[in-house]
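Note sheet for the following structure.
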Amino acid sequence: MTGSKKAGQAAIGIIGGSGLYDIEGLERVREVRVRTPFGAPSDAIRVGVLGGIRVAFLSRHGRGHRLSPSSINYRANIYALKSLGVTQVISVSAVGSMKESIRPGDVVLPDQFIDLTKRRVSTFFDEGIVAHVGFGEPVCSSVADVLEQAGRSVGARLQRGGTYVCMEGPQFSTKAESRLYRQWGVDVIGMTNMPEAKLAREAELCYATVALATDYDCWHDTEEAVTVEAILATLHKNVALAKQLLKAAVPKLAPDRTCVCHEALRTAIVTAPDCISATAKRRLNVLIAPSVRTRKGKR
Ligand SMILES: CSC[C@H]1O[C@H](OP(=O)(O)O)[C@H](O)[C@@H]1O
Ligand SMILES: Nc1ncnc2[nH]cnc12
């Protein structure tokens, strides 16, 4: 087994979305309840071994799907994974297809996001310390490379790249909205990847999403408009594929990161070190300690 991490720690995090509340085949599982300065994550984190590699699995909506997209504590989720030693996050999400070419059952690996959420806290840097991370490339292409290979190896119909528009929900879109997003050229629609991906970047975690297309939203002339029933039926058929994909991907993720995700904060913190409030330092210690340390005395 790789990943010389202590029990209860893991370098790879998996955030399971709708239909993926657990991972069978996760061995030597230890349930970790993490407390964070931002409150409780969606559920206990299940740390175990998948394909010989230690991973930390978190159900985004909680087991039993208790949390709506707007009430998920995204900060606590990302902070909790970071504090367990996670450096790379694979997110799994059900999405609506906004293109004829993406069929229910297909896998999309989005490389861009449009954030239309309205009532979510989307930063760790809101009190006592200011930071502006780059987000032009919101997805880690190294992780996406691995997901693409893994997806193809398990026979998924897969689209590499595409734009995920994140709506607030919980209601699905109107036809007018759906048509508008299509004019924007988006590929898929969902309700959860924002602010998750933003927070992952602020926490210097690699982040990539395996988006499982479940429906054609409500824009299609001949297909039924989306319903939860239809989404769950499609997920039911495809969740096994997603699990195979994850199992194939996990051992291929390089433990030593060469991407820029791990240094997102290096040039992002604008507050002078001696002006960062003690509370912020304490609250964000897990995230900012290395960057603040290297900037000491520079201002
Ligand atoms: C239960 S269907 C709608 C629900 O599914 C997606 O969630 P996730 O990204 O966690 O798979 C979508 O964003 C909605 O939250
Ligand atoms: N059509 C859709 N809109 C928003 N979120 C979704 N998740 C799955 N399908 C969706």
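In the chain, taking the dipole from charged Cβ atoms about the Cα centre, the farthest positive-side position among 113, 236, 39 is held by 39.
Multiplying the sequence separation of residue 35 and residue 286 by 0.36 nm and subtracting their Cα-Cα distance, what value in nm do you get?
Numbers: separation 251, 0.36 × 251 = 90.36 nm, distance 1.26 nm.
Length difference between fully extended and current span is 89.1 nm.
By DSSP, the beta bridges lying fully in the chain are antiparallel in about 35 percent of cases. Among the protein heavy atoms of the chain, carbon and sulfur supply 50% of the accessible surface, probe 1.4 Å, non-protein parts ignored.
For region 63-115 versus region 265-279, the inter-centroid distance based on Cα atoms is 29 Å. The residues of the chain expose on average 44 square angstrom of accessible surface per residue, using a 1.4 Å probe on protein heavy atoms.
When you count the other C-beta atoms within 10 angstrom of each residue and take the mean per peptide, 40-50, 64-74 line up highest first as 40-50, 64-74. Modelled spin-label separation between residue 65 and residue 7, with each label point placed 7 Å from Cα along the Cα-to-Cβ direction: 3.5 nm. The listed residues 135, 38, 124 rank as 135, 38, 124 when sorted by accessible area, largest first, using a 1.4 Å probe.
Sorting the segments 108-118, 81-91 by their residues' average number of neighbouring beta-carbon atoms within 10 angstrom, most packed first, yields 81-91, 108-118.
The HN-Hα couplings worked out from phi for region 211-226 by the Karplus form 6.51 cos²θ - 1.76 cosθ + 1.60 (θ = phi - 60°) are 9, 9, 6, 10, 6, 9, 6, 10, 8, 6, 6, 10, 9, 4, 5, 4 Hz, whole numbers, x standing for Gly and Pro.
May I ask for the net charge around residue 117, where only other residues with Cβ less than 13 Å from the Cβ of residue 117 are counted and Lys, Arg are +1 while Asp, Glu are -1?
Details: positive: 118, 119, 120, 198; negative: 115, 168, 196.
The answer is +1.
Can you give me the long-range amide H partners of residue 89? Hydrogens built in the peptide plane at 1.01 Å from N, cutoff under 5 Å, separation of 5 or more residues or another chain. Those qualifying (amide H under 5 Å, at least 5 residues apart or on another chain) are 13, 206, 207, 208.
What does the charge add up to near residue 154, with Lys and Arg as +1, Asp and Glu as -1, over the other residues with Cβ less than 10 Å from its Cβ? The partial results should precede the final answer.
Details: positive: 152, 243, 247; negative: none.
Residues near residue 154 contribute +3 overall.
With a 1.4 Å probe and all protein chains kept in place, how do 219, 184 rank by accessible area, largest first?
Ranking 219, 184 by accessible area, largest first, yields 184, 219.
Each part reduced to its alpha carbon centroid, region 1-53 and region 127-203 end up 22 Å apart. Surface calculation, 1.4 Å probe, protein heavy atoms: residue 191 sits at approximately 30 Å² accessible.
In this simple spin-label approximation, residue 100 and residue 174 carry label points 7 Å from Cα along the Cα→Cβ vector, and these lie 2.6 nm apart.
Using the structure shown, list the pairs from 6/247; 118/243; 6/237; 99/198; 243/281; 198/281 with a Cα-Cα distance above 27 Å, or answer none.
Numbers: 6/247 21 Å; 118/243 32 Å; 6/237 36 Å; 99/198 25 Å; 243/281 38 Å; 198/281 20 Å.
Beyond 27 Å between Cα atoms: 118/243; 6/237; 243/281.
Between the helical axis of 193-202 and the longest alpha-carbon principal axis of the chain there is an angle of about 20 degrees.
By average Cβ neighbour count within 10 Å, what is the ranking of 210-216, 221-227 from highest down?
Values: 210-216: 26.4, 221-227: 12.4.
Descending mean neighbour count gives 210-216, 221-227.
Karplus-derived 3J(HN,Hα) values for region 71-82, using 6.51 cos²θ - 1.76 cosθ + 1.60 with θ = phi - 60°, are 9, 5, 8, 4, 5, 4, 4, 5, 4, 4, 5, 4 Hz; glycine and proline are entered as x.
The values are calculated or read from the model by the stated rules, or taken from the named source; none is laboratory data. Note that this is a predicted model, so its numbers are computed, not measured. A quick note on method: Cβ atoms are made from the backbone with ideal geometry, for glycine too, and the neighbour counts reach across all protein chains shown. These area figures cover heavy atoms from the full protein model, side chains too; ligands, DNA and RNA do not enter into them. Shrake-Rupley method; radii C 1.70, N 1.55, O 1.52, S 1.80 Å.
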